[in-house]
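Here's the structure, in structure tokens; my notes come after.
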Amino acid sequence: MSIEIPKLKHFFPRSVNIKSDKTFIYGPPQSGKTTFALWYAQKFQHVFYMDLATLFSQTLIENAKKALYNVSQKLELLIIDNITLDSIKYCDDIAVSCPCIYIGDIQACPSDFSPLPLLPLSFEEYLSMDSKNLNIDVLLSNFIKDGNSIEMLSLPDYKKREYKWRSMQFGLKDEARALSYMLALQSLKTSTYGIYTHLKQHIKISKDRIYPLMQSLQTNHIVHICKHIDTQNTNKKYKLYFYDFTLSEFADSKHFVRVYENMVFLELVSMGFKLQYSHHCDFIDTTQNMIFLCMPFASIESIAKKIQLIRKREKECGEYLIYIITMSSNHSFDSKAIALDFASLSPLLRLV
């Protein structure tokens, strides 16, 4: 119920900070929500941690509340983990004067709490956690192979796949089975109805269920959708991405280009870009006048032809900067078209 906050072996710098006395941390499985809260808790001496997922009965819940009440006078920080729409009711009568951190489903966030989304690691964060001074090419290879979960940094290789699967099952519960069948649609153009049609081939699901399911997955950043730039046309499909680009290893087939596109999308989102797509561009940010293409192994000649095509077909984007994101090429075609390898993406784009 209450625990002595452990001293973390490593400091995991994240791109977010806790700025409110009442913070609700939410996000997909493996994004480091509990780790981040426990790291923050090291600033305090008297901390109470309650994990609602381990309180299986009313008696256990009441005992936990009594333990909390007994230390409430000297308490400096309260952390309640694994809050859901069903379990938030157990927090209603908890009254403490110290700062509080709740962790769970954003749909259960109380109105007086400040929501704080925590996504899995960006590559920039992943690099900052390297304690072995590995070559950046080795780190990128590991990132592509293992994914963006903090736990992947410390687990032995033979445990990583099982851990990833179990984390998805535990974190998503009833939604995990549906998500596992959605993985076949990674980086493809689809619609909520298209997802429904696909899922119906594998599981029993109704139209009434699919729309709230997709809403829940999106609000908790478990899935991401990238809409077409033509927002006036409601018939345009969106592109579907997942919180961990390597989850496709649990799909029937795995396509590296689609995994790579998902990885690039997450990296750009972590940097604050507002992404859409068009017929000729993987991603467009109209607020920054930037176009992004995912071409991991394309030759310089192929990239040059793609740039010409975009400039011919997307005339309204003539003043846009075009970034071609590759696996190994850094090349400047002209002042408005640059090829960057993925490992160089974050630091260079932050200078724009």
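Taking every protein chain into account, the 1.4 Å probe leaves SER335 with about 100 Å² of accessible area, to the nearest ten.
Taking R0 as 51 Å, what's the FRET efficiency between ALA95 and GLU319 from their Cβ-Cβ distance, rounded to 0.05?
Efficiency at R0 = 51 Å is approximately 0.35.
When the chain is treated as a GNM with alpha-carbon contacts under 10 Å, the residue of ILE307, ILE284, ILE325 showing the greatest mean-square fluctuation is ILE307.
Loop-resident trypsin sites (Lys or Arg not before Pro) (DSSP state other than H, G, I, E or B) in region 154-190 with no more than 15 further Cβ atoms inside 10 Å of their Cβ are absent.
Assuming charge only on the beta carbon of Lys and Arg (+1) and of Asp and Glu (-1), the dipole of region 34-138 about its Cα centre is about 420 debye to the nearest 20. When DSSP beta bridges are restricted to pairs lying wholly in the chain, around 30% turn out antiparallel.
Considering only ASN330, PHE265, ILE300, and ranking their Cα positions along the charge dipole of region 195-346 that arises from unit charges at the beta-carbon of Lys, Arg, Asp and Glu, the one farthest toward the positive end is PHE265.
Taking the helices alone, the chain has a mean residue ellipticity at 222 nm of -10000 deg cm²/dmol, built from -39,500 (n - 2.57) per DSSP H run of at least 4 residues and averaged over all its residues.
How many Å³ per residue does the convex hull of the Cα positions in region 116-199 occupy?
142 Å³
Using a cut-off of 26 Å between Cα atoms, the listed pairs LYS89/LYS207; LYS22/LYS66; LYS89/LYS164 include LYS89/LYS207; LYS89/LYS164 as exceeding that distance. At a probe radius of 1.4 angstrom, the accessible area of region 148-215 per residue rounds to 58 square angstrom.
Global dimensions of the chain from alpha-carbon coordinates: Rg and Dmax equal 22.1, 71 Å. At full extension, ASP51 and ASN233 could sit 61.0 nm farther apart than now, given 0.36 nm per residue minus the alpha carbon distance.
Taking the Cα centre of the chain as origin and assigning +1 to Lys and Arg Cβ atoms and -1 to Asp and Glu Cβ atoms, the resulting dipole is close to 620 debye. Taking every Cα-Cα distance in region 5-116 and sorting them into 5 Å bins starting at zero, the pair-distance distribution P(r) comes out as 2, 11, 24, 25, 23, 12, 4, 0 percent. For the chain, modelled as a GNM whose springs connect Cα atoms under 10 angstrom apart, the maximal fluctuation among SER187, SER299, SER154 occurs at SER154.
Of TRP165, TRP39, the residue with the largest accessible area leads and the full order is TRP165, TRP39 (1.4 Å probe).
Under 19 Å between alpha carbons, and skipping anything fewer than 8 positions from LYS132 in its own chain: which aspartates and glutamates qualify? Cα-Cα hits under 19 Å: GLU124, ASP146, GLU151, ASP157.
For LEU185, LEU85, LEU247, LEU134, the ranking by accessible surface with the largest value first comes to LEU85, LEU134, LEU185, LEU247, using a 1.4 Å probe. Can you tell me the FRET efficiency between ASP21 and LEU188 if r is taken as the Cβ-Cβ distance and R0 is 30 Å, rounded to the nearest 0.05? About 0.10, to the nearest 0.05.
Of all the options THR84, THR326, THR59, the one that moves most in a Gaussian network model of the chain with Cα springs shorter than 10 angstrom is THR59.
Legend: distances between Cα atoms for LYS173/LYS237; LYS159/LYS237; LYS236/LYS305; LYS43/LYS65; pairs beyond 30 Å are LYS159/LYS237.
The values are calculated or read from the model by the stated rules, or taken from the named source; none is laboratory data. Because the structure is predicted, anything quoted here is derived from the model rather than measured. Counting neighbours? That spans all protein chains shown, and the Cβs are built from the backbone with ideal geometry, glycine included. Keep in mind that these areas ignore ligands, DNA and RNA; they rest on the heavy atoms of the full protein, side chains included. Shrake-Rupley method; radii C 1.70, N 1.55, O 1.52, S 1.80 Å.
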